[in-house]
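Colleague: Please find one structure pasted underneath; my questions will follow.
The values are calculated or read from the model by the stated rules, or taken from the named source; none is laboratory data. A quick note: this is a predicted structure, and the numbers were derived from the prediction, not measured. For neighbour counting, all protein chains shown are included, and Cβ atoms are generated from backbone atoms with ideal geometry for every residue, glycine included.
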Amino acid sequence: MPAKKPKILFCTPPEPERSGAHEAFSQGGSSFPSIGLLILAEIARKEGHEVCFRDFLNKHTCIDGAVSQMLALGVDVVSISSNTDSIFTAAKFAEEIKNRSGVTVFIGGPHVSAVPEETMRKCPAFDIGFIGESEETFREVLSSDMSLSSLAKIKGIMIRDGSGVISAGRRPFIEQLDDIPFPAWDLIEDFSIYKPAVTNYKKEPVFSLMTSRGCFGRCIFCDRGVFGNKVRMHSAGYVMSMIRKLRGSFGINEITFYDDNLVVDKTRLKEICERIKTEEKGLSWSCSARVDFVNEETLSMMKDAGCWQISFGVESGSQKILDSIQKGIKVEMVHKTAAVMKKLGLSMRGYFIIGNPGETVETLEETLKLILSVPMDDILVEYMTPYPGTEIYENISKYGVTKGGWSDLNSYDMNFVPHGMDERTLREYFAKYYKMFYLRPGVVLNYAKRLKSPAKMIGLGIKYLKFQSANRNV
């Protein structure tokens, strides 16, 4: 009789301790499950494993509670996906798992992909680290006998050999994304906990999709270690099948596309838009794009297919800064795109970064001028953050100084100060951007119309005040 295959728990880390602006922002920000974990869960299920999924992060579960749930499930393997700011919480979770059971612990996600050897050395409770895209790697690991000699030959993982950590190297990127199975959405316990921030959706239930991988951009603040610089995409047919599944089986009425740039392939975009109009009438959706990849024709087509909001990475109103961070756009492109968005009645959301290398009071003022002059409906301002795997992280002394460690690397608490700038000035402008944009009468009225609920408006106001208060602390 063949041996029983290990039961696997796929999970996010327990909720890390948060403070300051990060805590305030997390209370009102977006929350969606790990698509990567759910895909791996489906792969493991197809390989004959019993699987389960728990989102300890978005369920706000503490470490002790997470371990108790893990023990109650009776699993043999725990597979965790972690970002940089939660990696040490994931490590503590793994330590407690080891203290109370003989369960094997896998770790994956963008952080370990960026700095695999350092992560494995600092976090000894992780048994195997998965580097980069893990679908084929995971299938190969599950098919192995899990011995050191077998694992040492598998590309895409980092393992322990007694005296240290070793790896057979990275695995090539997956070229045919349509070969990847749908995420195991049926393992989600509660769809209602997942949604964007309150102002970033129109219909409920709302859920997320990612239909491509990779980014051709060279921005110094972005880590492309997991998906690389080459853009690879699911076909329009695959995308429509995912949408059909989410609507038919789970009653989803709105999709948030989390692709870095949904509009990069105009032929595919056109087919998706045309098929949404004919096959999925009434679907509402939003996405992200670059200002240099859209025009009136493209935006009009997207609106006709149900798109209502597009987020753009503007980053700065200073051309000097845009060039220094290798963004690859011109300030005038932002103005041009915003004008077309307004003309068509599409909601525009602008992402901005403060504290860029080379930042001065003059460049900060240029960004403020842009924020107040461009007809945007929403903005999101973040601090420049040197995440592992980014160019700025690898050359930090060239660009500025950091404070704190991995756990402090989030975009809402300052952890990097560029040369020639000081913390107080950055904090003042961070608060000024939000205050001067959102407290304008026209923006307040727009929000009142969009929220349609006094309770939501009051709740958003409270979160805003907490956010501002947290950022006044120098």
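Colleague: Quick one: which of ALA125, ALA44 is without any contact (Cβ under 8 Å) to a residue 40 or more places away in the chain, in contact with a helix residue (DSSP H, G or I) (Cβ under 8 Å, 6 or more places away or on another chain) and of a type in the set (Gly, Ala, Ser)?
Modeller: None of the others qualify; the one that does is ALA125.
Colleague: Only residues that are closer than 30 Å to TYR383 by Cβ and without any contact (Cβ under 8 Å) to a residue 40 or more places away in the chain: list them for region 217-249, please.
Modeller: Hits for region 217-249 are ASN229, VAL231.
Colleague: Condition first: farther than 22 Å from GLY389 by Cβ and touching a helix residue (DSSP H, G or I) at 6+ places or on another chain (Cβ under 9 Å). Can you find one or more residues in region 81-94 that meet it? Give the steps one after another, and end with the answer.
Modeller: Going residue by residue through region 81-94, those that are farther than 22 Å from GLY389 by Cβ are 92-93.
Then drop every residue that is not touching a helix residue (DSSP H, G or I) at 6+ places or on another chain (Cβ under 9 Å), which leaves 92-93.
Yes, the conditions are met somewhere in region 81-94.
Colleague: Only one of (1) modelled with pLDDT of 95 or more; (2) more than 24 Å from ARG213 (Cα to Cα); (3) assigned to a loop (DSSP other than H, G, I, E, B) fails for HIS60. Which number is that?
Modeller: The one condition HIS60 does not meet is (1).
Colleague: Restricting to region 407-439, name every residue that is touching a residue at least 12 places away in the same chain (Cβ under 8 Å) and farther than 27 Å from THR390 by Cα.
Modeller: Pass one, region 407-439, residues touching a residue at least 12 places away in the same chain (Cβ under 8 Å): 407-421, 423-427, 429-438.
Scanning region 407-439 gives LYS432, LYS435, MET436, PHE437, TYR438.
Colleague: Can you pull out every residue in region 303-337 that is of a type in the set (A, V, I, L, M, F, W, C) and within 23 Å of PHE216 (Cα to Cα)?
Modeller: Selection gives ILE310, PHE312, VAL314, ILE321, LEU322, ILE325, ILE329, VAL331, MET333, VAL334.
Colleague: Taking region 215-229, which residues are more than 26 Å from ALA184 (Cα to Cα) and either surrounded by fewer than 17 Cβ atoms within 10 Å (Cβ to Cβ) or of a type outside the set (D, E, K, R) (or both)? Give the steps one after another, and end with the answer.
Modeller: At the first step, the residues of region 215-229 found to be more than 26 Å from ALA184 (Cα to Cα) are 216-223, 229.
Within region 215-229, PHE216, GLY217, ARG218, CYS219, ILE220, PHE221, CYS222, ASN229 qualify.
Colleague: I need the full set of residues from region 99-117 which are among the acidic types (Asp, Glu) and either under 12 Å from SER81 (Cβ atoms) or free of Cβ contacts under 8 Å to residues at least 40 places away in the same chain (or both), in order please.
Modeller: none
Colleague: Additional query: Kindly evaluate PHE207 against the criterion of being of a type outside the set (Lys, Arg), in the same structural domain as ARG268 (by TED's automatic domain parsing) and assigned to a loop (DSSP other than H, G, I, E, B).
Modeller: Taking the combined requirement at face value, the residue does not satisfy it.
Colleague: Filter the helices (runs of 4 or more DSSP H) completely within region 274-364 down to those with at least 2 residues that are in contact (Cβ under 8 Å) with a residue 12 or more places away in the chain and over 21 Å from LEU426 (Cβ atoms).
Modeller: Qualifying helices (runs of 4 or more DSSP H): 296-304, 331-344.
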